[in-house]
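Below is one structure; the comments refer to it alone.
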Amino acid sequence: MSEYCTINECEMSLRVRYYEVDRQNAVHHSTYPRYFEMGRTELLRVNGYDYRTLEDSGIALVVARLDCRYHAPARYDDQLQVTTTTGKIDRVRLEHLYTIVRPCDNVLIAKGSTILVHVDKNGKLQSLPDFLRAAPDA
């Protein structure tokens, strides 16, 4: 894995499924971290990597921090756009920023962020691999 991650943003769309909503027909708050994970996974994929290969090579990225701000409810069958952007990167932390909008009316649904860290098989903090620490456009 000698190539660097150079694409620092990606968009993906998804449709709200019935099991993701609560009795008020709003997406349950616990679903948004899953949407964030989907965006993160897609950002990694557009850079030519996937979590399975990383984990098979001994790279375990775990969520050390998660923040989500809810702005408007998403409803069953809404089409949503998830934008994932690479934020701050240092020796041990990789930040992602997320924006979720409903494109049909351009309503902001949620914004959030995560910080990932690399740990070994015993859970000990490790430096991020060089290809994940590279600045976009490097």
- Point-charge dipole on Cβ atoms (K/R +1, D/E -1) for region 9-133, about Cα centre, debye to 20: 280
- For Lys88, counting only lysines whose alpha-carbon sits under 20 Å away and dropping same-chain residues fewer than eight positions off, the answer is Lys111
- Query: Shape of region 9-133 from its Cα gyration tensor (a ≥ b ≥ c, root eigenvalues): rounded if a/c is under 1.5, otherwise prolate when a/b > b/c, or oblate?
  - Reply: prolate
- How much net charge surrounds Arg93 when only the other residues with a Cβ under 12 Å from the Cβ of Arg93 are counted, with Lys and Arg +1 and Asp and Glu -1? +2
- Can you give the extra length, in nm with one decimal, that the chain gains between Glu11 and Arg23 once fully stretched, where that is 0.36 nm per residue apart less the Cα-Cα distance? 1.4 nm
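Coordinate-derived values only; no laboratory data. These numbers come from a predicted model, not from an experiment. Reconstructed Cβ throughout: ideal geometry from the backbone, glycine too, with neighbour counts over all protein chains shown.
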